[in-house]
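S.K.: Sharing a structure with you now.
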Ligand code: TYD
Ligand code: MG
């Protein structure tokens, strides 16, 4: 009996594998996402076993393993180095995801420039653009030296041969979705292609001990297109985000085996490429209306760095039978919860009012410490009173209306002081963590519940 060729069904959304077709994916619950693809051939590069790591695979005692502290390459772009946890780790596989046109290729070309300036040879493989197109982009960015080589190819076997020959010290693959592997018969961008290609690149990274950057496209839900396994296979996942219509971009680590995932890097897209923004707070507060009701400055910690943001709210009488709540730049449910807390604990009637909340600048801040800022912005809008524009607010709000302490109060106050703010409304519980002897000009207003916070601004 002739054996039929084995196929597997993949969920195109989350990468779930199944032997039979299904209408709804049991894992991500998406409908109609299953596609049939040939099963991966035996011996192909499935996740894990990276060729060059054989010798490291023998069991060793912790004390026998020496860490070479110098195995990080600094790109010189401080924002990027910080997000990576202090530079690029040799032999690491780094995935950069983001919407089309957000600046992934530009960022990586700038990385190439910084690396080649240090004498590191880089191979930039693009499956999306021609050499001329890349050259045009490079011209906008600046001068490049001969350590950079461009290669436009999508066949991974060819790419592998070229890498064997050139032995670059860093590799960039512009868009994993365009790469294809002869062994896999499905089309580029499909789940099995993306997975196989990443496997090949993983082998290259670990086997040659070179950093490999891969660009990944993002689906409309905001995940890297292709299977979730892609994120499991790589060492670091960075997302490049921001409003395409605004000029700044935020680079965020979503996964990092070599550093913290809380750090963000802020860039601005200029005519001559991406420029780092070293003081994002000033940038975020730029253009803030002086003394308008419904606007308040709040402080959110992004990793080790405090960032000031402006929270705006608008409250108006509703035209519908049930009022609208809108949250832009923060969690919708959190806003609903804070509105409920205000009604019950703050005695502010909002049941016939539409409430809109917006964090300006298109950033997304979900740290609980912005709760108090959102809450006071809503109060300010509902009562139509201005909050002094030189006041900063932070604190988490609990369901009983208590204002709970948050971490790193001193850093937040320091940032406020640096930017010329005069007052800080903060959780009373944070006071004991502050150094009593510290001399500050800034006035601290500790509050322990929502009522006290409202009194502080009215
Ligand atoms: P690109 O890096 O091609 O985005 P991606 O690879 O993520 O799809 O960048 C696209 C946008 O950036 C494009 O709309 C043009 C703009 N841009 C600038 O504004 N200044 C520049 O110096 C460069 C190179 C691009
Ligand atoms: Mg691109």
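Values quoted throughout were computed directly from the atomic coordinates according to the rules given, and no laboratory measurement underlies them. These numbers were taken from a predicted model, which means no experiment stands behind them. So basically every Cβ, Gly included, is an ideal-geometry build from the backbone, and we count neighbours across all protein chains shown.
S.K.: Within 10 Å, count the other beta carbons around each residue, average over each peptide in 173-182, 142-151, and list them highest first.
M.R.: The packing order, highest mean first, is 173-182, 142-151.
S.K.: OK, next. I'd like to compare 91-99, 302-310: which one has the highest average count of other Cβ atoms within 10 Å, and what's the full order after that?
M.R.: Per-residue mean Cβ counts within 10 Å order the peptides as 91-99, 302-310.
S.K.: Shifting gears a bit: Once you put a point 7 Å from the Cα of residue 435 and another 7 Å from the Cα of residue 321, both along the Cβ direction, what distance in nm separates them?
M.R.: 6.0 nm
S.K.: Separate question: Give the percent of DSSP beta bridges with both residues in segment 283-457 that are antiparallel, rounded to the nearest 5.
M.R.: Counting only bridges with both partners in segment 283-457, antiparallel ones make up about 60 percent.
S.K.: Using 0.36 nm per residue, how much length does the chain from residue 304 to residue 243 gain when fully extended, once their Cα-Cα distance is taken away?
M.R.: Extending this stretch completely gives an extra 19.6 nm.
S.K.: Residue 442 label point, 7 Å along Cα→Cβ, cut-off 19 Å on backbone N: hits in segment 293-315?
M.R.: Those under the cut-off are 296-311.
S.K.: Would you mind checking the tilt of helix 371-383 against the longest principal axis of the Cα atoms of the chain, expressed as 0 to 90 degrees and rounded to 10?
M.R.: 50 degrees
S.K.: Let me ask another. For 108, 58, what ranking results if the residue with the fewest other Cβ atoms within 10 Å of its Cβ goes first?
M.R.: In increasing order of surrounding Cβ atoms, one gets 58, 108.
S.K.: Sort 191, 296 so the one with the fewest other Cβ atoms within 10 Å of its own Cβ comes first.
M.R.: Taking fewest neighbouring Cβ atoms as first place, the list is 191, 296.
S.K.: Residue 268 to residue 400: extension gain in nm, 0.36 nm per residue of separation minus the Cα-Cα distance?
M.R.: The residue 268-residue 400 span can extend by a further 43.4 nm.
S.K.: Run the helix sum for the chain: -39,500 (n - 2.57) per DSSP H stretch of 4+ residues, divided by residue count, reported at 222 nm to the nearest 500 deg cm²/dmol.
M.R.: -7500 deg cm²/dmol
S.K.: Related question: Among 320, 248, 124, which comes first, second and so on when ranked by fewest other beta-carbon atoms within 10 Å?
M.R.: Fewest to most other Cβ atoms nearby, the residues stand as 320, 248, 124.
S.K.: Evaluate 2.2 N^0.38 Å with N set to the residue count of segment 283-457, then give the Cα radius of gyration divided by it.
M.R.: 0.97
S.K.: Nearest 0.05, what FRET efficiency do residue 140 and residue 78 give at R0 = 35 Å with Cβ-Cβ as r?
M.R.: E between residue 140 and residue 78, to the nearest 0.05, is 0.95.
S.K.: What FRET efficiency, computed as 1/(1 + (r/R0)^6) with R0 = 60 Å and r the Cβ-Cβ distance, is obtained for residue 257 and residue 352, rounded to the nearest 0.05?
M.R.: So, using R0 = 60 Å, E works out to roughly 0.70.
S.K.: Given the Cα-Cα distance of residue 291 and residue 337 and 0.36 nm per residue of separation, how much length would full extension add, in nm?
M.R.: 13.9 nm
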